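The values are calculated or read from the model by the stated rules, or taken from the named source; none is laboratory data. Quantities reported herein were computed from a predicted structural model and do not represent experimental measurements. Positions of Cβ are backbone-derived with ideal geometry, glycine not excepted, and every protein chain shown enters the neighbour counts.
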Amino acid sequence: MRVDELKKDIQAYAKTIGIDKIGFTTADIFTEMKERLKRQQELKYQSGFEKGSIEERTEPKRLLPEAQSIISIAVAYPSRLEKTPRGTKGDRRGIFARASWGIDYHIALRKRLDKLGEYIKARVPDAIIKSMVDTGELSDRAVAERAGVGFSGKNTSIITKEHGSFVYLGEMLTNIPFIPDEKIEDGCGDCTICLDACPTGAIVQGGQLNAQRCIAFLTQTKDFLPEEFRTKIGNRLYGCDTCQQVCPWNRDKDSHFHKELEPDPELVKPKLKPMLHLSNREFKEKFGHMSGSWRGKKPIQRNVILALGHYKEASAENDLIALMKNDPRPVIRGTAAWSLGKIGTDAAKEALSKALEKEDNEQVQYEMQNALSAMNIK
């Protein structure tokens with residue numbers, strides 16, 4: 001079997017199993033990426049969610065010694081809701097980023113990679129394969145860029161001509177020596193729209209992200225959100241799409257190709273107040289199939305509370321007071337105190353004063369005192 005013929009057959013088969021773009025590259029070391037990651041580490045710009053050492057993330061043969069090639073795949077996902085539910089005063093809604101719409105993309109891409117792997121094995125019985133999606137050591141974006149799937153935008157997303165940056169990425173290491181595809185030339189030019197639009201200045205310069213300032217990362221943390229970011233988060237419950245939404249390459253890009261990736265509007269733009277009262281079981285039953293649930297209920301509920309404070313939603317006052325007084329989690333009590341300070345009613349002020357007298361956690365006490373001080377200044 002000629003490798004070039006096999007490559008064409010794989011490209012054709014990939015389309016039949018819901019892979020929207022596929023590219024091939026070598027298993028050579030990602031030299032430029034290695035230097036970039038070292039610099040990120042020195043600057044403390046990493047999120048902490050990264051898997052593996054810098055060497056494992058940039059040297060494919062550390063993961064599969066027999067590797068000769070890497071196959072990169074991309075699956076396009078929707079960017080717009082067909083029927084968008086609107087929040088109103090007294091009945092506010094939050095938003096999950098588009099990368100959490102539909103079924104967890106890890107599941108969707110693994111199924112496709114498994115099918116692709118089975119196809120290759122049937123054609124080449126002695127083929128060695130190792131696949132990964134997002135949680136693997138390799139950088140999906142670095143692989144996709146070198147494999148010609150798309151170019152790396154200034155917002156650090158892979159941008160494809162056909163689907164913009166609204167694509168999920170995965171890759172497969174193999175011992176088959178495929179002819180590599182050509183990289184795509186940079187398409188950003190002098191454009192800096194994403195840098196200018198980033199709410200927290202997380203895009204330090206084109207192609208460099210300080211993950212510690214990125215709202216997409218911050219919404220996934222479990223501790224108190226640093227104060228400087230609380231007014232920036234808005235009603236985001238998981239992730240942030242701002243740098244993708246403003247990108248000219250994403251204009252008019254809205255891919256509805258895969259049923260399992262279609263969003264349920266009531267889940268991706270959920271009502272805020274009911275989410276305050278979900279048990280762990282209820283949270284998993286309702287949101288567990290979404291990638292945005294991977295960190296559990298706590299960070300989502302913290303973000304719900306921040307969103308209610310953002311809206312100064314007085315109708316949530318009693319809910320927030322109850323959480324501030326009774327919730328066993330200090331982060332939830334303290335964040336509720338912050339939001340009550342934003343709502344700023346006399347009832348909120350009285351509740352804060354009474355709760356402060358009984359609170360024994362120093363960080364929560366600090367939040368309560370700050371909220372009261374801010375209300376006294378008004």
Notebook entry, point to check: Is at least one residue of the range 307-329 in contact with a Phe, Trp or Tyr (Cβ under 8 Å, 6 or more places away or on another chain) and of a type in the set (D, E, K, R)?
Noted result: no
task = Output yes when any residue across the range 162-179 is at pLDDT below 95, outside any loop (DSSP other than H, G, I, E, B) and on the phi < 0 side of the Ramachandran plot, and no when none is.
result = no
**Request:** Examine the range 60-73 for a residue that is buried (at least 21 other Cβ atoms within 10 Å of the Cβ), modelled with pLDDT of 95 or more and within 21 Å of the chain's Cα centre (by Cα), and state whether such a residue exists.
**Result:** yes
TODO: For the range 308-323, indicate whether the set of residues that are under 25 Å from the mean Cα position of the chain (by Cα) and either outside any helix (DSSP H, G or I) or farther than 26 Å from residue 375 by Cα (or both) is non-empty.
DONE: no
Residue 360 vs (1) of a type in the set (D, E, K, R); (2) surrounded by fewer than 16 Cβ atoms within 10 Å (Cβ to Cβ); (3) not in a loop (DSSP other than H, G, I, E, B): all pass except (3)
In the range 1-54, anything in a strand (DSSP E or B) and under 24 Å from the mean Cα position of the chain (by Cα) is listed as 21, 22, 23
Can you find even one residue in the range 194-214 that is surrounded by fewer than 20 Cβ atoms within 10 Å (Cβ to Cβ), of a type in the set (A, V, I, L, M), at negative phi and out of contact with any helix residue (DSSP H, G or I) (no Cβ under 7 Å at 6 or more places or on another chain)?
-> yes
By residue number, the members of the range 285-317 that are basic (Lys, Arg) and surrounded by fewer than 22 Cβ atoms within 10 Å (Cβ to Cβ) are 286, 295, 297, 298, 312
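Every residue, every condition in (1) in a helix (DSSP H, G or I); (2) out of contact with any helix residue (DSSP H, G or I) (no Cβ under 9 Å at 6 or more places or on another chain); (3) within 26 Å of residue 292 (Cα to Cα); (4) not hydroxyl-bearing (Ser, Thr, Tyr), yes or no:
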residue	(1), (2), (3), (4)
67	no, no, no, yes
73	no, no, yes, yes
78	no, no, yes, yes
107	yes, no, yes, yes
110	yes, yes, yes, yes
118	yes, yes, no, yes
126	no, yes, no, yes
